[in-house]
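Engineer: Sending over a structure as structure tokens; questions will come in a sec.
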Amino acid sequence: TKLVVSGDNYNIKSIGANPAIRIKDTLSGTDLKVWDIINSNQELTFRTVNDAETSVLNNVLNLQRNGNVGIGTTAPGSKLNVSGGAGIGSAYATTALSDGVLAVASKLSVGSSSTSTGVAYFNGNVGIGTNSPGSKLNVSGGAAIGSSYATSVISDGNLAIAGNVGIGTTSPGANLEINPTVTATAD
């Protein structure tokens, strides 16, 4: 140990072969009061260590030289990798989310600004108003398409569409256009 700084309730010291700082809260308690900030292989890692200072409990944050950031992982392969769930907004501040779950408390914008349009890709089923969608898109409640219905309340099970609807065509010329033909039978 080359450096030790101690106070009433803490101590800070350098540790190990790699450049590192260990910060320890010396008040009574259990694990999660010892932290390391370690520089190894051109990466900066923040991690928790057990009270006995013998093993790493969690690699909390990893900053790589190439700009990649890992939360809960020491090997982020892209600009941001999160191992575990992630919550955005104060509504999820104390919520434990399952691995791979992203919960957004308010608005989610895809693109370069809050008014931009972008592309969103979902691999699997998407539920709006339901957390257990059985098909590619499930909407529980009413739905509206088009700006003229932007503030309208649509009744459960109904769909309001501003503009023309096409089945079998991408450019319907009437309120409802079905291509190529319509066949109806009576029971």
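The values are calculated or read from the model by the stated rules, or taken from the named source; none is laboratory data. The shown structure was predicted, so the numbers you read here are calculated from the model rather than taken from an experiment. Ideal geometry is used to build each Cβ from the backbone, glycine not excepted, and the neighbour counts take in all protein chains shown. Each accessible area value is taken on the protein alone, full model and side chains, heavy atoms only, with ligands, DNA and RNA left out. Shrake-Rupley method; radii C 1.70, N 1.55, O 1.52, S 1.80 Å.
Engineer: If you split all Cα-Cα distances of segment 37-109 into 5 Å bins from zero, what percentages do you get per bin, shortest first?
Structural biologist: Going from the shortest bin to the longest, the percentages are 4, 15, 19, 20, 18, 15, 7, 2, 1, 0.
Engineer: Ranked from highest to lowest mean number of other Cβ atoms within 10 Å per residue, what is the order of the peptides 163-169, 66-72?
Structural biologist: Numbers: 163-169: 12.4, 66-72: 15.1.
Output ranking for 163-169, 66-72: 66-72, 163-169.
Engineer: Roughly how large, in nm² to one decimal, is the mean projection of the convex hull of the alpha-carbon atoms in segment 129-187? Before the final figure, lay out the partial values.
Structural biologist: Details: hull surface 25.6 nm².
One quarter of the hull surface, i.e. the mean projection, equals 6.4 nm².
Engineer: Right, next: Net charge within 14 Å of Thr74 by Cβ-Cβ distance, Lys/Arg positive one each and Asp/Glu negative one each, not counting Thr74 itself?
Structural biologist: Net charge in that neighbourhood comes out at 0.
Engineer: Starting from the residue with the highest accessible area, list Asp36, Asp156, Asp25, Asp187 in decreasing order, probe 1.4 Å.
Structural biologist: Working: Asp36 0, Asp156 125, Asp25 60, Asp187 195 Å².
Largest to smallest exposure gives the sequence Asp187, Asp156, Asp25, Asp36.
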